[in-house]
Amino acid sequence: MSFETPDSYVRAGNGITFTSEVRLELTKAVMEKGKPFRFSVFGSSMYPFIRDRHIITITPLPEGRPELGDVVAFVKPGVKKLFVHRVVRIGAGLFQLRGDNAKAPDGMVSRANIIGIVTRVEHNSSDVRAGLGRERRLVAVMSRHGLLWRITRVTGFLTTSVAAGLQKTRLDCQRGDSRE
Amino acid sequence: MAATIISDSVFQRSEDVVTREIMGELILVPLTSGIGDMEDEIYTFNETGRAIWELLDGRKSVREIARELEALYESPDGEIERDVQGIIAELIRRRMIFVV
């Protein structure tokens with residue numbers, strides 16, 4: 001084997017796609033060092049507050065947290081995958097978690113399954129604060145009762161319908177123009 | 001003079017670097033800025049860089065590391081030590097190692 005040039009020894013890894021299992025492994029390693037960890041998230045389970053490709057910062061869980069409404073990174077027992085959902089109920093030392101856009105909750109998990117807490121959400125270099133402040137408790141209560149999921153469905157349906165209607169109107173106008 | 005200093009120097013891997021082997025690759029997440037940042041600051045080594053990284057144990061000098069690698073790899077005289085110095089300079093710049 002021969003040596004390569006120094007420039008190629010260390011490669012920036014931000015072009016690498018990491019699986020959720022890898023993301024979990026790295027998040028746990030950074031949390032063990034007591035430091036925050038910043039990375040992109042994928043999926044729509046926390047829509048509209050955290051969206052696909054938003055960047056979140058996970059911080060080690062402080063004493064006394066999580067509280068109702070906190071968005072946390074956690075693992076489901078037996079599943080080697082990192083999830084980021086909201087605490088919607090606390091009872092008997094267990095935490096019920098649920099995606100804001102999820103039809104059903106994740107179930108109850110112990111504090112030991114919670115890796116860290118989301119302290120920052122970013123999109124296009126700007127902070128996204130909605131859903132992380134005092135309103136997070138109200139969001140949690142709405143999510144617990146499935147209201148958030150239903151609202152998202154209705155608004156999504158309305159948005160899609162309006163967009164479809166606009167598209168139809170645009171096509172009709174184009175056909176009308178071409179006939180003239 | 002700077003090259004001599006580096007050759008006799010002993011370097012230690014920083015504790016502010018998280019490393020994990022994932023699918024055969026060594027992934028490094030520096031925490032030197034106070035935060036692990038997968039978006040802007042995550043690295044991997046090639047095989048050569050990894051060999052050097054693992055020898056930076058706080059006991060071996062740069063010259064000793066180069067000698068150890070010369071026993072394993074074919075390379076023109078002096079080239080390996082120059083390359084070791086090169087990667088060490090890069091790791092110092094990224095604050096992943098420090099002088100013991």
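The values are calculated or read from the model by the stated rules, or taken from the named source; none is laboratory data. Note that the structure is predicted; figures quoted are calculated from it, not measured. As a convention, Cβ positions derive from the backbone with ideal geometry for all residues, glycine included, and neighbour counts pool all protein chains shown. Ligands, DNA and RNA are excluded from the accessible area calculation, which covers all protein heavy atoms including side chains. Shrake-Rupley method; radii C 1.70, N 1.55, O 1.52, S 1.80 Å.
For the range B:72-87, state whether one or more residues are under 30 Å from A:Gly34 (Cα atoms), surrounded by fewer than 20 Cβ atoms within 10 Å (Cβ to Cβ) and in contact with a helix residue (DSSP H, G or I) (Cβ under 6 Å, 6 or more places away or on another chain). No, because not a single residue in the range B:72-87 is under 30 Å from A:Gly34 (Cα atoms), surrounded by fewer than 20 Cβ atoms within 10 Å (Cβ to Cβ) and in contact with a helix residue (DSSP H, G or I) (Cβ under 6 Å, 6 or more places away or on another chain). Looking at the structure I just gave you, is B:Arg13 of a type in the set (Lys, Arg) and at the interface with chain A (Cβ under 10 Å from one of its Cβ atoms)? No: the conditions fail for B:Arg13. Once the range B:16-41 is narrowed to residues that are closer than 30 Å to B:Glu79 by Cβ and either aromatic (Phe, Trp, Tyr) or surrounded by 22 or more Cβ atoms within 10 Å (Cβ to Cβ) (or both), the residue that is nearest to the other protein chains (Cβ to nearest Cβ) is B:Ile27.
If you go through the range A:44-98 and keep only what is open to solvent by less than 50 Å² (accessible area, probe 1.4 Å), in contact with a helix residue (DSSP H, G or I) (Cβ under 9 Å, 6 or more places away or on another chain) and in a loop (DSSP other than H, G, I, E, B), you end up with A:Pro48, A:Phe49, A:Leu61, A:Pro66, A:Leu68, A:Gly69, A:Asp70, A:Val75, A:Leu82. Starting from the range B:48-59, take each residue that is more than 16 Å from B:Arg20 (Cα to Cα) and list its partners that are among the aromatic types (Phe, Trp, Tyr), counting only C-beta distances under 7 angstrom and pairs at least six apart or across chains. Here the result reads B:Thr48/A:Phe3; B:Thr48/A:Tyr9; B:Leu56/B:Phe11, each pair linking the range B:48-59 to a residue that is among the aromatic types (Phe, Trp, Tyr). Consider the range B:60-90. How many of its residues are touching a residue at least 60 places away in the same chain (Cβ under 8 Å) and under 16 Å from B:Phe45 (Cβ atoms)? Going through the range B:60-90 one residue at a time, the tally reaches 2. The set of residues from the range A:101-115 being closer than 19 Å to A:Arg51 by Cα and surrounded by 13 or more Cβ atoms within 10 Å (Cβ to Cβ) comprises A:Asn101, A:Ala102, A:Pro105, A:Asp106.
Output the residues belonging to the range A:25-34 that are surrounded by fewer than 20 Cβ atoms within 10 Å (Cβ to Cβ) and either in contact (Cβ under 8 Å) with a residue 12 or more places away in the chain or within 18 Å of the chain's Cα centre (by Cα) (or both). Matches in the range A:25-34: A:Glu25, A:Lys28, A:Gly34.
Within the range B:42-64, which residues are open to solvent by 10 Å² or more (accessible area, probe 1.4 Å), closer than 30 Å to A:Thr57 by Cα and facing chain A (nearest Cβ under 9 Å)? Step through it out loud before you land on a result.
Of the residues in the range B:42-64, the ones open to solvent by 10 Å² or more (accessible area, probe 1.4 Å) are B:43, B:45-47, B:50-51, B:53-55, B:57-61, B:63-64.
Filter once more, so that each one left must be closer than 30 Å to A:Thr57 by Cα: B:43, B:45-46, B:50, B:53-54.
Those that are open to solvent by 10 Å² or more (accessible area, probe 1.4 Å), closer than 30 Å to A:Thr57 by Cα and facing chain A (nearest Cβ under 9 Å): B:Tyr43, B:Phe45, B:Asn46, B:Arg50, B:Trp53.
The single condition among (1) over 30 Å from A:Lys28 (Cβ atoms); (2) in contact (Cβ under 8 Å) with a residue 12 or more places away in the chain that B:Ile97 does not satisfy is (1).
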